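> Input: one structure, supplied below.
The values are calculated or read from the model by the stated rules, or taken from the named source; none is laboratory data. Please read all numbers here as calculations on a predicted model, not as lab measurements. All Cβ positions, glycine included, derive from the backbone under ideal geometry; neighbour counts span all protein chains shown.
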Amino acid sequence: MDRLTEAVEAIASRKEELFALLAELVSHPTVSPPARNSDAAQTVLANRLAAIGFEVDRWTVYPGDDNIVGRLPGSAPAKANSLIVNGHIDVAEVGDDASWTYPPFSLTRGADGRLYGRGVADMKGGLAASLFAIQMLREHGVELAGDLLFQSVIGEEAGEAGTLAALERGYQADYAVVVDTSNLHMQGQGGVITGWITIESPTTLHDGMRARTIHAGGGVRGASAIEKMAKIITALQELERDWAVMKAYPGFPAGSNTINPAVIEGGRHAAFIADRCALWITVHFYPNESYEQIIREIEDHVGRAAAADLWLRDHPPVFRWGGRSMIEDRGEIFPSLELDTKHPALAQLQAAYESELHAAPVVDMSPTVTDAGWFAHAGIPAVLFGPGELKYAHAVNESIDPEQLVRFAQIMARFIASWCNTSKEEKE
Ligand SMILES: [Zn+2]
């Protein structure tokens, strides 16, 4: 039996060790928001990575939330393909856990055989299984010619830029697998950007001035920022409808590209005409669009609508797009990922899947967004591929099928051994 086959078989025969690692990760309540609570869980991963030969880089993104990047240098890194395995350590909120059948922060095997706990599907299962796969490769002496990077980032659930921070720190590779929840589908995704549109008047008028700003002979060109925002909302609805009619992307229901007026804040007191109004919008776009392009389309359309208004043309709305954290900035960006279905790495991942499951994997589009888009945005080809089902992620009684976790680890072991031993030139 060759070393890779031994490693793949050991994943199954030693699966209780994988579940124990998952249990340890689940025991740390890395809930986000409020976040700033992932240090202990990141230490678990950092220690594991160091124990199997990784150089570990750990840095603080926010106090209490460090990113971890482990690098396992390949034996011929200039010649062979490198790989990033990326996942997030934070988990969705639990709220009142009274409705949970099992305690959310204690991994429990249910009567149905599934594993229960917050984050098992999204996505401590993916992190634990990938790391265990790599550990088995190491313990069975499977050599990797290319560099292997393992990233455990913070903040994904709160739109925090943990993965962007790792990219900005300089980590690159020839391919990236984001092991977030995909039920073993190989997926691309659309993108999301939030933005604030603000209308502000340089003058604050008393409520008693309203008659002079709206009636014949008043002589004051004033405006309620709230009423002017209604025009902006109408313009956004027109654009949203045009997008729904004119744009489409395979794998998405028509009209998925929405512009949601999610939050509005405006006015100061009933005794004044509203001199400020801010609208928080959430915009969904397709995989073949960039958030930069979406910003231009919205600013252009809203700008033209404003230019046709006698007051707004002199006091145009101001835009503030995205942000690095919903908690700190009240803004986020998830770039889109257009899946390159011809990429040799995806072909190798599909082959690894087929050799374990004896069926072709589903290649489609995620109905949600993950950090995978950041790699595409940075020019690194990537795929979303992980265990767990979205219907259980973020849900009460989050659970995962332990057999799927084992299968995922086996597929990852085969894929890593294949891709990181493929020469950069041939790419086949
Ligand atoms: Zn996730």
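> Surrounded by 12 or more Cβ atoms within 10 Å (Cβ to Cβ), more than 24 Å from residue 326 (Cα to Cα) and of a type in the set (Ser, Thr, Tyr): which single residue out of 258, 213 fits that description?
Numbers: 258 fails: more than 24 Å from residue 326 (Cα to Cα).
Within the list 258, 213, the selection yields 213.
> If you don't mind, there's one more thing I want to ask. Which condition number does residue 339 fail, the rest of (1) of a type in the set (A, V, I, L, M, F, W, C); (2) under 18 Å from the mean Cα position of the chain (by Cα); (3) surrounded by fewer than 21 Cβ atoms within 10 Å (Cβ to Cβ) being met?
Single failed check for residue 339: (3).
> Go through 372, 395 for me and flag whichever is without any contact (Cβ under 8 Å) to a residue 24 or more places away in the chain and within 16 Å of the ligand (Cβ to nearest atom).
Criteria check complete, one pass: 395.
> Further question on the same structure: Before we move on, is residue 85 touching a residue at least 60 places away in the same chain (Cβ under 8 Å), within 16 Å of the ligand (Cβ to nearest atom) and over 18 Å from the mean Cα position of the chain (by Cα)? Walk me through how you get there before you give the answer.
Details: touching a residue at least 60 places away in the same chain (Cβ under 8 Å): yes; within 16 Å of the ligand (Cβ to nearest atom): yes; over 18 Å from the mean Cα position of the chain (by Cα): no.
Taking the combined requirement at face value, the residue does not satisfy it.
> Have a look at 40, 98, 78, 46 and point out the one that is closer than 27 Å to residue 142 by Cα and part of a helix (DSSP H, G or I). Can you show your working first?
Values: 40 fails: closer than 27 Å to residue 142 by Cα; 98 fails: closer than 27 Å to residue 142 by Cα; 78 fails: part of a helix (DSSP H, G or I).
Result of the check over 40, 98, 78, 46: 46.
> Out of everything in segment 212-266 that is among the charged types (D, E, K, R) and out of contact with any Cys (no Cβ under 9 Å at 6 or more places or on another chain), what residue ends up being nearest to residue 305 (Cα to Cα)?
Pass one, segment 212-266, residues among the charged types (D, E, K, R): 212, 221, 227-228, 231, 238, 240-242, 247, 265.
Retained after the next criterion (residues that are out of contact with any Cys (no Cβ under 9 Å at 6 or more places or on another chain)): 212, 221, 231, 238, 240-242, 247.
On the way: 212: 24, 221: 18, 231: 8, 238: 11, 240: 14, 241: 15, 242: 15, 247: 21 Å.
Per the stated criteria, the residue is 231.
> Determine the pairs where a residue that is under 19 Å from residue 381 (Cα atoms), located within segment 180-197, has a partner that is small (Gly, Ala, Ser) and at pLDDT below 95 with Cβ atoms under 6 Å apart, the partner being 6 or more residues away or on another chain.
181/393
> May I pose another question? Evaluate the following for residue 149: is it assigned to a strand (DSSP E or B), crowded, with 18+ Cβ neighbours inside 10 Å and more than 16 Å from the ligand (Cβ to nearest atom)? Walk me through it before giving the result.
On the way: assigned to a strand (DSSP E or B): yes; crowded, with 18+ Cβ neighbours inside 10 Å: yes; more than 16 Å from the ligand (Cβ to nearest atom): yes.
So residue 149 fits the description; yes.
> For segment 165-181, which positions are farther than 25 Å from residue 65 by Cα and either among the hydroxyl-bearing types (Ser, Thr, Tyr) or not assigned by TED's automatic domain parsing to the domain that holds residue 402 (or both)?
Step one: of segment 165-181, the residues farther than 25 Å from residue 65 by Cα are 174-175.
Selection gives 175 alone.
> Kindly check whether there is at least one residue in segment 93-109 that is within 16 Å of the ligand (Cβ to nearest atom) and either touching a Phe, Trp or Tyr at 6+ places or on another chain (Cβ under 6 Å) or not assigned by TED's automatic domain parsing to the domain that holds residue 415 (or both).
For segment 93-109, residues within 16 Å of the ligand (Cβ to nearest atom) and either touching a Phe, Trp or Tyr at 6+ places or on another chain (Cβ under 6 Å) or not assigned by TED's automatic domain parsing to the domain that holds residue 415 (or both): absent.
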